[in-house]
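Read the figures in this text as sums done on the coordinates, not as results from a lab. Bear in mind the structure is a predicted one, so any value in this text is a computation, not a measurement. Note that each Cβ is placed from the backbone with ideal geometry, even for glycine, and that neighbours are counted across all protein chains shown.
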Amino acid sequence: MTTTVKPLRIDIPVRLNELQIVFSIADLAFEGDLPAAIFHRQLITQNIADWNAKARVIAIFHTNAGHVTLHDDAYNLERKVAIGNPYKQLLAELMKKGVEVELCGATATVHNWGNEDLLAGIKVNTNAMARMSELAQKGFVQITEWD
């Protein structure tokens with residue numbers, strides 16, 4: 001099947017010099033097979049690079065999305081599978097591009113996850129609500145991911 005690219009006119013072009021964004025990710029919604037939360041991080045990091053913007057992007061995983069931050073063995077145990085964490089490479093690539101990834105401490109506590117269960121580079125905050133409040137007070141734009 002041949003696909004023709006249709007022209008698209010951007011009516012409201014956006015170009016930012018500086019961004020402070022925090023994403024609240026409580027559940028995974030999908031764009032095809034890719035979690036939208038990860039797709040959106042890829043999109044904004046590409047924008048930041050294209051704009052040569054100064055940016056700080058934080059992704060906070062909590063509630064039903066906390067498992068994304070687990071290493072293979074912990075992921076398998078939590079999800080009752082034997083495939084390992086299918087999101088680990090995607091997260092590693094985002095972190096290489098400067099996205100800070102955090103896990104809600106309350107979510108970790110409820111699931112009995114310790115620091116040793118997490119992928120390298122994942123930081124644990126007190127809880128997602130407190131951290132989102134703190135970042136809002138520091139001027140971060142809050143974006144919530146949902147189905």
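Just a few scattered comments:
- Among the residues of this structure, Phe61 does not count as one that is of a type in the set (Phe, Trp, Tyr) and surrounded by fewer than 19 Cβ atoms within 10 Å (Cβ to Cβ).
- Residue match in the stretch 71-78 (condition: among the hydrophobic types (A, V, I, L, M, F, W, C), surrounded by 14 or more Cβ atoms within 10 Å (Cβ to Cβ), under 24 Å from Glu31 (Cα atoms) and in contact with a helix residue (DSSP H, G or I) (Cβ under 6 Å, 6 or more places away or on another chain)): no
- Scanning the stretch 1-47 for residues that are more than 17 Å from Leu91 (Cβ to Cβ) and of a type in the set (A, V, I, L, M, F, W, C) turns up Met1, Val5, Leu8, Ile10, Ile12, Val14, Leu16, Leu19.
- Taking each residue of the stretch 89-104 that is in contact (Cβ under 8 Å) with a residue 12 or more places away in the chain and surrounded by fewer than 17 Cβ atoms within 10 Å (Cβ to Cβ) and looking for partners that are of a type in the set (Phe, Trp, Tyr) and in a helix (DSSP H, G or I) with beta-carbon atoms closer than 8 Å, six or more apart or interchain, yields nothing.
- One residue alone among Leu16, Leu28, Leu43, Leu8 is touching a residue at least 12 places away in the same chain (Cβ under 8 Å), surrounded by fewer than 17 Cβ atoms within 10 Å (Cβ to Cβ) and among the hydrophobic types (A, V, I, L, M, F, W, C), and that residue is Leu16.
- Residue ID - nearest to Arg56 (Cα to Cα), chosen from residues in the stretch 118-135 that are assigned to a helix (DSSP H, G or I) and touching a residue at least 40 places away in the same chain (Cβ under 8 Å): Leu135
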